[in-house]
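Structure first, commentary second.
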Amino acid sequence: MSTTLTSVSNDVLRQVGVVETLTGATTLTAEDSGKVFILNAAAGAQITLPAVADATGQSYKFVVGALFATTAWTIKAASNKIQGGVIVNSTNVPGADENTITFSASADTIGDFVELHSDGSNWYVFGLGTAAGAITLTVV
């Protein structure tokens with residue numbers, strides 16, 4: 001696997017073309033920015049985002065790589081700063097001031113995904129889920 005680091009105007013180093021498989025809970029750092037994470041475990045876990053104020057220019061993508069029948073995968077922000085929406089079963093699911101993105105263990109489909117981008121004030125989300133209820137945006 002090769003890693004390419006690209007410097008952007010805010011001095012964030014972003015890994016391009018790096019795919020990493022997750023099989024359990026993890027806390028992301030600035031060094032993970034730009035990675036594509038494959039969620040590949042029978043049971044989901046929590047992924048913790050960096051504090052939004054420290055994340056200017058960071059981005060992450062999460063893709064369902066294996067069905068997780070027992071426990072949902074969640075992506076958790078420290079504050080209610082997730083904005084945007086996802087398309088789930090052909091319906092827009094909006095999010096405003098949310099802190100949790102959940103991939104449902106009962107409605108997951110391989111290939112469902114979300115992308116997150118930070119401007120230092122908010123995390124902006126976009127994603128696609130095939131089945132009804134596949135991805136939700138909530139405050140937990």
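Read the figures in this text as sums done on the coordinates, not as results from a lab. Fair warning: this is a prediction, and the values are worked out from it, not measured in the lab. Please note: Cβ atoms are built from the backbone with ideal geometry, for glycine as well, and neighbour counts cover all protein chains shown.
Worth pointing out:
- Of the options [x] 40, 35, 25; [y] 44, 32, 24; [z] 41, 30, 27, only one is Cα extents along the principal axes in Å as computed from these coordinates, and that is [x].
- Contact order, relative form, for the chain: 21 percent (alpha carbon pairs under 8 Å, 6 or more residues apart, mean separation divided by residue count).
- Karplus-based coupling profile of the range 60-72, in residue order and whole Hz: 9, 10, 10, 10, 5, x, 8, 5, 10, 7, 9, 9, 6, with θ = phi - 60° in 6.51 cos²θ - 1.76 cosθ + 1.60 and x standing for Gly or Pro.
- DSSP finds beta bridges in the chain, and of those with both partners inside it, around 60 percent are antiparallel.
- Extending 7 Å from the Cα toward the beta-carbon at both A78 and N40 defines two label points whose distance is 3.0 nm.
- Taking the fewest neighbouring Cβ atoms within 10 Å as the starting point, the ordered list for V125, V19 is V19, V125.
- Close amide H pairs (under 5 Å, H built 1.01 Å from N) link Q46 with A25, T26, T74, residues at least 5 positions away or on another chain.
- Net length gained if the chain between D54 and N89 were fully extended (0.36 nm per residue, minus Cα distance): 9.3 nm
- Pairwise FRET efficiency - T138 versus I110, Cβ, R0 = 30 Å, nearest 0.05: 0.85
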